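Undergrad: First the structure, then my questions, so here it is.
The values are calculated or read from the model by the stated rules, or taken from the named source; none is laboratory data. Keep in mind that this is a model prediction, so the values were computed, not measured. Methodologically, a virtual Cβ is constructed for each residue, glycine included, from the backbone with ideal geometry; neighbour enumeration extends over all protein chains shown.
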Amino acid sequence: MPDGGRRFNSGWIGVVLVVLASLAPLGLNDYQQSFLLQVFLVIALAQAWNLISGMTGYVSFGHAAFFGVGAYAGALFLTWGFPWWLAVMKGAGIALLLAVPLGFLTLRLRGPYFAIAMLGLNEVGRIVATLWVDVTHGGTGLTLSPELLPSLDVKYFTMFALALGATLLVAGIHRSRFGLELRAIREDEEAAEMVGVNTTLNKVIAFVLSALIPGAVGAVYVMYTSYINPSSAFEHARNIEMIVVVLFGGSGTVWGPIIGAGTVMVLRELLWAQFPAAHLAALGVLLLVVVLYLPGGLISILRDRQRTRPDVLR
């Protein structure tokens, strides 16, 4: 077989996955469709975190704040009589508008200071949602009436579109001059400034784009669960999930979040079925082993096998 026939073609694999995901609802029951919907949710969130943290190097522990804002915005606009698709757009838009001033403020910080600031932002969001009882109903939360919600197929394809859109966005940025400048910031921000990179503008743009995605995902998520409260909207575990998935698959890459999300979600489902009382601990140990012995993530294994064409799994 010619050498080219053995090479991994990420483009064709991407097309096959898109086709399979599009046809999946035809042969899946509601449980399987819901599981795939959650996989798409994790992919979209992981790609968003990957954009600011994996590519730019600014590790965020608070991107669930934008997810929570989008979830509450989506729920509120639905209850106010807006169609579901407009509620999703408004959830994304509000997260974007919030991210612009926050980006200029928080991205002045670096390293652990930025991470702690983002962690604090998530906690502020939870407190505001708890205390703003007139709008959010506080700890009681918001329950959406079934007649306001789209069908499972609509929610499935909407979450799939968000995961696909987030992946294409990261792929496009990765191959652009903008992506090159983001990686230069990650490697050495001072050196990037010296060669003419507008580090402040680039960081803010990446931050705003990485907030837009969770805002839209949060709005779709609340339509899927039909309920939201401060704890579920601004859940710290969701921040950890984004980080773990990206590190598991491969930080700063396009395929890493996809591989990480698919693997982690399947393992979590299998471990939950076998070890309902200890599945989180078992999964945590497994992830720890991978991070310690595969710092480049699972994608590094595929890269090692494709040394003749190292650019195919970017």
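Undergrad: Every residue in segment 152-168 that is over 19 Å from Gly91 (Cα atoms) and surrounded by fewer than 19 Cβ atoms within 10 Å (Cβ to Cβ), please.
TA: The answer is Leu152, Asp153, Leu168.
Undergrad: Working only within segment 103-126, note down all residues that are free of Cβ contacts under 8 Å to residues at least 60 places away in the same chain, surrounded by fewer than 16 Cβ atoms within 10 Å (Cβ to Cβ) and on the phi < 0 side of the Ramachandran plot.
TA: Correct list: Leu105, Arg108, Leu109, Pro112, Tyr113, Ile116, Gly120, Val124.
Undergrad: Return a yes/no flag: does segment 36-59 have any residue that is free of Cβ contacts under 8 Å to residues at least 60 places away in the same chain and not aliphatic (A, V, I, L, M).
TA: No, the conditions are met nowhere in segment 36-59.
Undergrad: Considering only segment 27-56, how many residues are of a type in the set (S, T, N, Q) and surrounded by 24 or more Cβ atoms within 10 Å (Cβ to Cβ)?
TA: We begin by selecting, within segment 27-56, every residue of a type in the set (S, T, N, Q); these are 29, 32-34, 38, 47, 50, 53, 56.
With surrounded by 24 or more Cβ atoms within 10 Å (Cβ to Cβ) added as a condition, the list becomes 47, 50, 53, 56.
Selection size over segment 27-56: 4.
Undergrad: Here's another thing I want to ask about it. Which of the residues that make up segment 269-314 are of a type outside the set (A, V, I, L, M), part of a loop (DSSP other than H, G, I, E, B), closer than 28 Å to His174 by Cβ and modelled with pLDDT under 75?
TA: Hits for segment 269-314 are Arg305, Gln306, Arg307, Thr308, Arg309, Pro310, Asp311, Arg314.
Undergrad: Still on this structure, I have one more. Which is in contact with a Ser or Thr (Cβ under 7 Å, 6 or more places away or on another chain), of a type in the set (A, V, I, L, M) and within 21 Å of Pro83 (Cα to Cα), of Leu212, Leu182, Leu144, Leu162? Let's see the steps before the verdict.
TA: On the way: Leu212 fails: in contact with a Ser or Thr (Cβ under 7 Å, 6 or more places away or on another chain); Leu182 fails: within 21 Å of Pro83 (Cα to Cα); Leu162 fails: in contact with a Ser or Thr (Cβ under 7 Å, 6 or more places away or on another chain).
Exactly one residue qualifies, and that residue is Leu144.
Undergrad: Another question, if that's okay. Having 1 or more residues that are touching a Pro at 6+ places or on another chain (Cβ under 8 Å) is the bar; report the helices (runs of 4 or more DSSP H) wholly within segment 115-223 that clear it. Please lay out each step first, then the result.
TA: Numbers: elements: 133-136, 152-174, 177-187, 189-194.
Helices (runs of 4 or more DSSP H) meeting the threshold: 133-136, 152-174.
Undergrad: Of the residues in segment 214-242, how many are touching a His at 6+ places or on another chain (Cβ under 9 Å) and among the β-branched types (Val, Ile, Thr)?
TA: Total meeting the criteria: 0.
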